[in-house]
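The values are calculated or read from the model by the stated rules, or taken from the named source; none is laboratory data. Please read all numbers here as calculations on a predicted model, not as lab measurements. For neighbour counting, all protein chains shown are included, and Cβ atoms are generated from backbone atoms with ideal geometry for every residue, glycine included. When the accessible area is computed, the model is the full protein with side chains, heavy atoms only, and any ligands, DNA or RNA have been set aside. Shrake-Rupley method; radii C 1.70, N 1.55, O 1.52, S 1.80 Å.
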Amino acid sequence: VIQRPKFVIECRWNGENVQLELLKRGWPNFHQWLRYDKKKIRPGNATKLGWFTNAWSRPQMMDYLIKAVRDEWLETPSPWLVDELQVLEKDEVGTTIKALHGEHDDRVMALGIVFFSLHILEVYANVRSVAASRPARAARG
């Protein structure tokens with residue numbers, strides 16, 4: 001069985017055109033748009049494909065990503081991504097996390113959307129961080 005990549009396309013702003021073209025060409029694996037605040041979460045009952053950034057999904061995704069970075073569940077080897085992570089702030093109300101005025105968060109959003117899509121339904125119990133799972137390095141002297 002061939003493992004196909006998962007596409008998580010932002011469909012709120014014209015991404016549906018890209019997604020449609022991929023669907024027409026036979027690509028099968030897309031993010032299934034679900035609400036995660038239901039009593040029963042059934043991915044098979046999703047009625048939309050793609051990601052839709054909105055007032056509900058953005059804070060949930062950003063919180064999940066920041067926890068993953070803070071707890072070292074994923075590595076951030078890109079200096080540009082690290083720069084974007086460092087200029088994030090909460091708005092005056094404390095509900096939205098975004099880049100400081102004049103800065104960018106495109107890489108953060110891309111990583112967050114994909115990370116959320118791939119892992120939100122996983123159960124985390126006794127998860128070791130990426131750093132903790134690396135082999136111990138010999139002491140340098």
Item to complete: Please give the per residue accessible area of the chain, computed with a probe of 1.4 Å over protein heavy atoms only, in Å².
Response: 72 Å²
Discussion item. At R0 = 41 Å, how high is the FRET efficiency between residue 91 and residue 2 if r is their beta carbon distance? Nearest 0.05 is fine.
Written reply: 0.40
Fill in: Electrostatic dipole magnitude of the chain [Cβ: Lys, Arg +1; Asp, Glu -1; Cα centre; debye, to 20]
820 debye
Worksheet entry | Cα-centre dipole for the stretch 1-58 with unit charges at Cβ (Lys and Arg positive, Asp and Glu negative), debye to 20 | 320 debye
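When the helix-only estimate is applied to the chain (DSSP H runs of n ≥ 4, each -39,500 (n - 2.57), divided by the residue count), what is the mean residue ellipticity at 222 nm, nearest 500 deg cm²/dmol?
Rounded to the nearest 500, the figure is -10500 deg cm²/dmol.
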Worksheet entry | Linear extension gain, residue 98 paired with residue 25, 0.36 nm per residue minus alpha-carbon span | 22.8 nm
Discussion item. Run the simple label-point estimate for residue 33 and residue 80 please: 7 Å along Cα→C-beta, distance reported in nm.
Written reply: 2.8 nm
Fill in: Option label - Rg and Dmax of the Cα atoms in Å computed here, alternatives (i) 14.0, 40; (ii) 17.4, 59; (iii) 21.4, 74
(ii)
Worksheet item: How much length is gained if the chain between residue 52 and residue 118 is pulled fully straight, taking 0.36 nm per residue apart and subtracting their Cα-Cα distance, in nm to one decimal?
Response: 22.2 nm
Discussion item. Within the chain, count lysine pairs with alpha carbon atoms under 29 angstrom apart where the residues are 8 or more positions apart or belong to different chains.
Written reply: 21
